[in-house]
Amino acid sequence: MSQRRADGSAGDADYGAIGGVYTDYRKPDPRIGRYVLDALGDARTVLNVGAGAGAYEPEDREVTAVEPSASMRAQRPAGLPPAVDAVAEKLPFGDRAFEGAMSTFSVHQWNDLWAGLKEMRRVTRGPIAILTCDPQLLRRFWLLDYAPEVIETEARRYPSVDDIADGLGGHTSIVPVPIPADCTDGFNEAYYARPERLLDPGARLSCSAWSFVDDRVHHRFAAELQHDLDDGTWERRYGKLREQPSFEGSLVLVVSDPTA
């Protein structure tokens with residue numbers, strides 16, 4: 001396992017550097033959150049691994065959050081309990097301690113996917129819900145035409161949904177999660193119908209893949225997208241997306257329930 005960074009970040013992205021304005025752009029969308037809640041079923045005690053600033057934590061359950069980055073722990077709202085400083089691969093809890101568990105936009109940050117999934121299953125006696133992106137579906141998004149480096153970075157970092165399912169074991173299902181046109185959670189595909197939003201550097205950096213490409217990619221992307229928005233090229237190619245109430249891109253929920 002690689003050494004943790006200065007602020008505790010344990011994955012390949014340095015959230016001490018890029019996480020400072022994360023909650024300005026990444027606000028949990030209740031329509032996406034409903035999928036997570038439904039997957040957790042009746043679980044009353046819930047573990048959230050890689051909890052970040054607390055997005056999608058159910059307010060009506062007893063949640064224990066685990067987050068290694070001090071920057072992200074500091075951004076948790078005052079109404080949420082403090083997160084435990086720990087990593088997915090070494091959870092400081094007893095066997096079957098929780099009725100359910102969840103992880104959202106986190107598994108691609110883990111140093112050892114299999115160890116993290118094994119730990120989640122060890123401490124959870126009921127359903128586990130993992131919100132992630134299917135790397136096989138990332139190329140559906142128009143960003144591929146403007147910043148292929150970002151899409152390829154994400155495709156390399158996100159584990160396959162089959163690997164996640166195999167690691168969790170039990171009865172596992174893969175549930176596509178539609179992305180609303182006005183999605184409040186600003187991951188890349190959340191802007192499928194609002195390309196102007198990705199011209200904001202802060203919006204881009206709230207998606208960790210952008211931190212792995214150099215400034216030339218950022219500058220080229222912004223210049224080309226601005227040009228195509230100004231002269232109508234983007235509208236001619238993708239304008240129909242603005243009329244779509246939702247987009248079925250790469251967002252999926254992997255649900256494992258040993259009792260099913």
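Counting only Cβ charges, +1 for Lys and Arg and -1 for Asp and Glu, the dipole size of the stretch 47-133 around its Cα centre is about 180 debye.
If each residue of separation counts as 0.36 nm, what is the full-extension length gain between residue 194 and residue 237 once their alpha-carbon separation is subtracted?
Details: separation 43, 0.36 × 43 = 15.48 nm, distance 1.38 nm.
Going from the current span to full extension adds 14.1 nm.
Does a label point 7 Å from the Cα of residue 38, set along Cα-to-beta-carbon, have any residues of the stretch 174-194 with amide nitrogen under 11 Å, and which are they? What the label zone holds, given the 11 Å backbone N cut-off, is 175-178.
The gain in end-to-end length when the residue 171 to residue 115 segment is fully stretched comes to 18.2 nm, 0.36 nm per residue minus the alpha carbon separation. Size check on the stretch 180-260: the Cα extents along the three principal axes, sorted descending, read 55, 32, 18 Å. Label-to-label distance, residue 219 versus residue 244, with points set 7 angstrom from Cα along the beta-carbon direction: 3.3 nm. Our coupling estimate for the stretch 153-167, obtained by passing each phi through the Karplus curve with A = 6.51, B = -1.76, C = 1.60 and θ = phi - 60°, is 4, 5, 4, 6, 7, 6, x, 5, 5, 5, 5, 5, 4, 5, x Hz, Gly and Pro reported as x.
Farthest towards the positive end of the charge dipole of the chain, among the residues 84, 213, 141, is the Cα of 84, using unit charges on the Cβ of Lys, Arg, Asp and Glu. Proximity of backbone amide H atoms, modeled 1.01 Å from N, is registered between residue 65 and 48, 84 at under 5 Å, excluding neighbours fewer than 5 places apart on the same chain. Computed from Cα atoms, the angle from the helix 30-40 axis to the main principal axis of the chain rounds to 30 degrees.
Computed about the Cα centre, the dipole magnitude for the chain is approximately 320 debye when only Lys and Arg (+1) and Asp and Glu (-1) carry charge, each at its Cβ. Think of each Lys and Arg Cβ as +1 and each Asp and Glu Cβ as -1; about the Cα centre, that makes the dipole of the stretch 94-157 roughly 300 debye.
In order along the stretch 189-204, the phi-based Karplus estimate (6.51 cos²θ - 1.76 cosθ + 1.60, θ = phi - 60°) of 3J(HN,Hα) comes to 5, 4, 9, 4, 9, 10, x, 4, 5, 6, 6, 7, x, x, 5, 5 Hz; Gly and Pro are listed as x. Taking the DSSP bridge list for the stretch 15-257 and keeping only pairs wholly inside it, about 55 percent are antiparallel.
Where a number appears in this text, it was derived from the coordinates with a stated rule and is not lab data. Remember, it's a predicted structure, so these values are computed and weren't measured experimentally. Note: ideal-geometry Cβ built from the backbone for every residue, glycine included; neighbour counts use all protein chains shown.
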